[in-house]
Amino acid sequence: MAPTAAPAPRNDGELLTAEEAAARLGVRKATLYAYVSRGLLTAMADPQQPKRSRYPAVELDRLREGAHASKRAAPEREGTLYEGLPLVPTALTGIVNGDIVMRGQMLTTWSEQATLEETAALLWNTTVQAAFTRPAPVLPELWHQTARALQQGDPVARALTLWSLALPQLRGGADLQGHELAAALGEHLRVAVACWLARAPSSEPLHLQVARAWRLPARHHSAVRQALVLGADAVGNLMSLSTRMAASVQGSLATCLISSMSYAFVRLSGGEFEAVEALFDEVEATGSLKRVLASYRARGEVLPGVNHHVFMRGDPRGAALLKLATGLGSKAAHWLVAAQSDHQPLYPALDFGLVALRRAIKAPRHAALTLAHAPRSAGMLAQAVEQRQQGRRMWVQSRYIGPLP
């Protein structure tokens with residue numbers, strides 16, 4: 001029987017003193033401070049003693065694992081994929097000083113006014129006019145029949161099924177350039193959103209299509225618009241890598257996108273929505289996140305939707321969504337403040353912020369998942385185009401470690 005894979009690293013918010021951090025790494029404090037100066041480790045102010053610093057345990061564990069990996073067989077670059085080392089250079093989206101930057105724009109600031117169409121055009125390095133002037137694509141009757149039949153089905157399975165039926169109608173080969181490519185990208189995004197909503201593609205603004213599909217009042221339309229923009233791209237994850245691998249072997253845009261859409265089934269690919277929904281149900285029933293958190297810890301479980309391991313000071317998208325939800329009446333931000341301790345801050349991740357917003361605007365229960373994955377199609381299409389432009393084929397090689405004959 002194959003061994004069980006180790007779970008993905010999760011940030012539980014634990015902060016260590018300099019002495020504890022140095023001991024965990026097995027180094028002197030001078031070396032610890034050198035890691036900070038080189039940008040390899042974050043020093044955070046101690047709330048009780050501002051002149052002293054504390055260090056995130058998850059970063060220390062990464063440093064320790066990296067040191068162990070460097071001692072292994074270097075010529076074979078053992079464990080490169082598993083250690084989460086940078087693999088792909090990109091000008092699309094990145095983390096700069098704890099914030100997300102999208103083609104030179106601070107994502108949270110950009111989201112306050114931009115639409116998903118404008119964000120897609122920014123990612124695709126084109127204009128809204130070039131990408132979205134054409135009428136919405138017309139899909140075959142079988143697509144519409146299937147959409148009606150699957151209205152009450154699982155939203156991920158429904159979206160994948162409908163995308164598969166739409167795929168033959170979409171032209172997105174590697175030969176497309178210029179305005180033809182921009183128009184094809186716009187068509188693909190419109191159809192992707194239609195598949196997530198199980199509604200016919202439309203030329204109407206995408207956030208209005210989403211809001212009207214969920215029968216939301218006009219006062220919530222802007223919140224939907226901002227949420228879609230915040231979810232438009234993923235920062236260097238397996239989903240984008242999967243998309244780029246398909247693009248590197250001349251997969252069509254539709255093929256590249258279907259390879260990333262399947263990650264909506266994966267919990268640790270931003271898919272903790274049902275777990276976070278259950279958490280909100282429990283907090284509303286008990287009236288205290290602190291009490292629920294104690295229960296999770298007693299069971300040896302990690303609280304879902306908080307302290308994303310990539311963002312040491314919190315996911316800026318989660319914070320922006322939570323602020324938006326608070327303005328619409330959500331109490332989720334107050335729950336986090338009341339439940340956190342000095343040594344274990346609770347930062348909302350994208351999942352937590354989307355669920356808080358979903359509940360504040362009273363959208364359907366699956367809406368948080370849709371708000372994450374429907375707009376992400378824009379980012380995945382951008383990943384595919386950028387990989388094509390790089391013109392390099394991706395290779396994955398294995399190293400046999402089984403028994404010899």
Any residue in the range 394-405 that's closer than 24 Å to Gln383 by Cβ: show its pairings with residues that are among the aliphatic types (A, V, I, L, M) and at pLDDT 90 or above at Cβ separation under 8 Å, as long as the two are six or more apart or on different chains.
Met394/Met245; Met394/Val249; Val396/Met245
Is there a residue in the range 144-154 that is touching a residue at least 24 places away in the same chain (Cβ under 8 Å) and either aromatic (Phe, Trp, Tyr) or touching a Phe, Trp or Tyr at 6+ places or on another chain (Cβ under 8 Å) (or both)?
no
Across the range 131-161, what is the total count of residues that are among the hydrophobic types (A, V, I, L, M, F, W, C) and in contact with a Pro (Cβ under 6 Å, 6 or more places away or on another chain)?
1
Which ones in the range 155-167 are without any contact (Cβ under 8 Å) to a residue 60 or more places away in the chain and crowded, with 20+ Cβ neighbours inside 10 Å?
Arg158, Leu162
Options Ala34, Ala5; residue that is farther than 30 Å from Trp124 by Cα, small (Gly, Ala, Ser) and at pLDDT below 65:
Ala5
Picking from Ala298, Ala285, Ala333, which residue would you name as being among the hydrophobic types (A, V, I, L, M, F, W, C), closer than 30 Å to Thr17 by Cα and surrounded by fewer than 14 Cβ atoms within 10 Å (Cβ to Cβ)?
Ala298
Filter result (buried (at least 17 other Cβ atoms within 10 Å of the Cβ) and among the acidic types (Asp, Glu)) within the range 301-330
Asp315
For the range 289-318, give me the residue count where each residue is closer than 27 Å to Thr42 by Cα, in contact (Cβ under 8 Å) with a residue 12 or more places away in the chain and more than 14 Å from the chain's Cα centre (by Cα).
7
Does Leu279 meet the test of being in contact with a Lys or Arg (Cβ under 6 Å, 6 or more places away or on another chain) and either buried (at least 18 other Cβ atoms within 10 Å of the Cβ) or of a type in the set (Asp, Glu) (or both)?
no
For the range 207-233, give me the residue count where each residue is under 18 Å from Leu328 (Cβ atoms) and part of a loop (DSSP other than H, G, I, E, B).
5
Which members of the range 168-198 meet the condition of being surrounded by fewer than 20 Cβ atoms within 10 Å (Cβ to Cβ) and among the charged types (D, E, K, R)?
Arg171, Asp175, Glu180
Filter the range 105-116 down to residues that are surrounded by fewer than 20 Cβ atoms within 10 Å (Cβ to Cβ) and either in a helix (DSSP H, G or I) or touching a Leu at 6+ places or on another chain (Cβ under 9 Å) (or both), then give me how many there are.
4
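The values are calculated or read from the model by the stated rules, or taken from the named source; none is laboratory data. Just so it is clear, the model here is predicted, and its values are computed rather than measured. As a convention, Cβ positions derive from the backbone with ideal geometry for all residues, glycine included, and neighbour counts pool all protein chains shown.
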